[in-house]
1. Out of the stretch 126-152, which residues are open to solvent by 70 Å² or more (accessible area, probe 1.4 Å), part of a loop (DSSP other than H, G, I, E, B) and closer than 19 Å to residue 93 by Cα?
2. In the stretch 153-187, what residues are closer than 19 Å to residue 51 by Cβ and assigned to a strand (DSSP E or B)?
3. Return the total of residues in the stretch 109-124 being surrounded by 15 or more Cβ atoms within 10 Å (Cβ to Cβ) and modelled with pLDDT of 95 or more.
4. Just checking, does the stretch 125-139 include any residue being touching a residue at least 40 places away in the same chain (Cβ under 8 Å) and touching a Lys or Arg at 6+ places or on another chain (Cβ under 6 Å)?
5. So, in the stretch 88-103, of the ones that are free of Cβ contacts under 8 Å to residues at least 60 places away in the same chain and either among the hydroxyl-bearing types (Ser, Thr, Tyr) or surrounded by 11 or more Cβ atoms within 10 Å (Cβ to Cβ) (or both), which residue ends up farthest from residue 31 (Cα to Cα)?
Amino acid sequence: MAYLEAVYWDLDGTIANTELEAHLPAFNKSFRDLNLDWYWDESTYIDLLRINGGKKRIAFFAKDKNIDISENFVIQIHKKKQEHYLDLINRGFVSLKTGVNRLIDDLSSKNIRQFIVTSSSRSQVQLLVDKLFPDKNPFEFFITSDDVDSLKPDPMPYLEAIKLSGIKISNSLVFEDSKPGLLSAFSANLPTICVK
């Protein structure tokens, strides 16, 4: 019988309500700042979440709408979006998902090691963890977009996490909320629970 030793958490939409509370308004603020006649409502954004990564999401949306924009402009939009996103986190607009804090505490009390595996940048993750867990960071390490060459749905983020933790796959569990995340974890052969 295998015993649980490690939990790998996705971040956005799994630990925290970042998608609609911060990412979506940050995108719309960046569009306004750059005089783009774009507005993503909740339905549009939820549909776009099947595209992993902010820059890819912007480029996909432009192509889908037959809007010709340069790669440099995509980067500019995303940079502006990041500024707004970090501001919203700093101002306390993001909350933990229901039940997450209790589960993290329960796992910690049983000495189960916890990690974050996300497509977000390290600066975003650190700020969010500092805000949501001001007393103590329960996560041993983060695997972020700064740490791997390929993001979810590629298995590389989880394979890197497995290597760093040194814990057997059979003693591990993943919490994910998106199709790219699930594909990434499944491709790494990790037992996975999908949360809503």
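The values are calculated or read from the model by the stated rules, or taken from the named source; none is laboratory data. Since we're looking at a predicted model, the values are computed, not measured. Positions of Cβ are backbone-derived with ideal geometry, glycine not excepted, and every protein chain shown enters the neighbour counts. The area values use the complete protein model at the heavy-atom level, side chains included, leaving out ligands, DNA and RNA. Shrake-Rupley method; radii C 1.70, N 1.55, O 1.52, S 1.80 Å.
1. 134, 135
2. Once the filter is applied, which keeps residues that are closer than 19 Å to residue 51 by Cβ and assigned to a strand (DSSP E or B), the stretch 153-187 yields only 176.
3. Going through the stretch 109-124, the residues surrounded by 15 or more Cβ atoms within 10 Å (Cβ to Cβ) turn out to be 112-121, 124.
If we keep only those that are modelled with pLDDT of 95 or more as well, we get 112-118.
So the count comes out to 7.
4. Of the residues in the stretch 125-139, the ones touching a residue at least 40 places away in the same chain (Cβ under 8 Å) are 125, 127-128, 131-132, 139.
Keeping just the survivors that are touching a Lys or Arg at 6+ places or on another chain (Cβ under 6 Å) gives none.
Within the stretch 125-139, not a single residue is touching a residue at least 40 places away in the same chain (Cβ under 8 Å) and touching a Lys or Arg at 6+ places or on another chain (Cβ under 6 Å).
5. Step one: of the stretch 88-103, the residues free of Cβ contacts under 8 Å to residues at least 60 places away in the same chain are 90-92, 98-99, 101-103.
Then keep just the ones that are either among the hydroxyl-bearing types (Ser, Thr, Tyr) or surrounded by 11 or more Cβ atoms within 10 Å (Cβ to Cβ) (or both); that gives 90, 98, 101, 103.
Working: 90: 21, 98: 31, 101: 34, 103: 37 Å.
Applying the filter and picking the extreme gives 103.
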